[in-house]
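Here's the structure, in structure tokens; my notes come after.
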Amino acid sequence: MNKFLKLIIFAVLILAILIIEPFRMEPPTPEVTVNGKEIPTTQGSYCWHGIIISQCVDFIHTTPLDMAKEHNPTLVSRQEKIGIDFHKEPLSGT
């Protein structure tokens, strides 16, 4: 009975994740790294189309420099590779 209860709980958790994820209200935030060091990102304006609700959010930034004011600059050499990882890959063409 104990194994059965664990299996039921596991199935309910997986089902909850699959149900809740499509109802996100904003785009996923990418994890940006250089040489294993995480680089902070800033959310810009976006339109997001969910299953139930679609919305457009406008963040007012006069320039890209204004948008990045809240973070200290990260120096990256020309030959360094910048890694961009989404926990869930975006759809092609989006």
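The values are calculated or read from the model by the stated rules, or taken from the named source; none is laboratory data. Everything numeric here is computed off the predicted structure, so don't read it as measured data. No Cβ is skipped: glycine too gets one built from the backbone with ideal geometry, and neighbour counts run over all protein chains shown.
Taking the range 5-50 as the region of interest, the strands (runs of 3 or more DSSP E) fully inside it that hold 1 or more residues being modelled with pLDDT of 90 or more are 31-34, 37-39. Restricting the range 57-94 to residues that are at pLDDT below 90, under 20 Å from the mean Cα position of the chain (by Cα) and not in a loop (DSSP other than H, G, I, E, B), the residue that is surrounded by the most Cβ atoms within 10 Å (Cβ to Cβ) is M67.
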